[in-house]
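Bear in mind these aren't lab numbers, they're just calculated from the coordinates by the rules spelled out. Everything numeric in this text was worked out from a predicted model, so none of it was measured. Methodologically, a virtual Cβ is constructed for each residue, glycine included, from the backbone with ideal geometry; neighbour enumeration extends over all protein chains shown.
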């Protein structure tokens, strides 16, 4: 009889906002500043995540979020997955986003979700509230920044770049 592989439990959630973009371009793609922001953010995340982690990168379907997720995904040698609900830009959608993230994350220990405006704080709040009994205040997340919710240690970090 074959042994079942060990179940991998979700341990860490990175809820991020895409990098800066050209608001005047028709497709609102990342600009040079945005690419630099996401590259720096990716380096910071890479220093946090254990090498043996099973990483899932989720993205809003908007171009700037997909581009950000692609930069992050290359660092972890994974392919990003689009999650339509991540295109919502409001903190109040955090619980619904959390549920979809949990559903998509089976078999992964780390999820990196790239979204918009106040949505990263909503995602962080939903995970912190449901799993840890803690709260994260609704706030606009700066471009190229985000939150960490560590379900294993109960730690919540509200800025990855410290600005």
| query | Can you give the calculated 222 nm mean residue ellipticity of the chain, where each DSSP H run of n ≥ 4 adds -39,500 (n - 2.57) and the sum is split over every residue, rounded to the nearest 500 deg cm²/dmol? | reply | -10000 deg cm²/dmol
| message | How much length would be gained if the chain were fully extended between residue 142 and residue 106, taking 0.36 nm per residue of separation minus their Cα-Cα distance, in nm to one decimal? | response | 10.1 nm
| query | Arranged by the count of other C-beta atoms within 10 angstrom, fewest first, what order do 161, 82, 114, 55 take? | reply | 161, 82, 55, 114
| remark: Where a ≥ b ≥ c are root eigenvalues of the Cα gyration tensor, a/c under 1.5 meaning rounded, otherwise prolate if a/b exceeds b/c and oblate otherwise, region 51-111 counts as oblate
| query | By per-residue mean of other Cβ atoms within 10 Å, what is the highest-first order of 68-77, 24-33? | reply | 68-77, 24-33
| field | Packing-based ranking, highest mean first, of 93-101, 57-65 given that Cβ atoms within 10 Å are counted | value | 57-65, 93-101
| request: Measure nothing fancy, just the Cα-based angle from helix 32-48's long axis to the longest principal axis of the chain, in degrees from 0 to 90, nearest 10. | output: 20
| Linear extension gain, residue 27 paired with residue 77, 0.36 nm per residue minus alpha-carbon span | 15.4 nm
| request: Find the centroid of the Cα atoms in region 87-136 and in region 1-72, then give the distance between the two in whole Å. | output: 14
| task | Taking every Cα atom in the chain, find the radius of gyration and the maximum pairwise distance Dmax, and write them in Å. | result | 15.0, 60
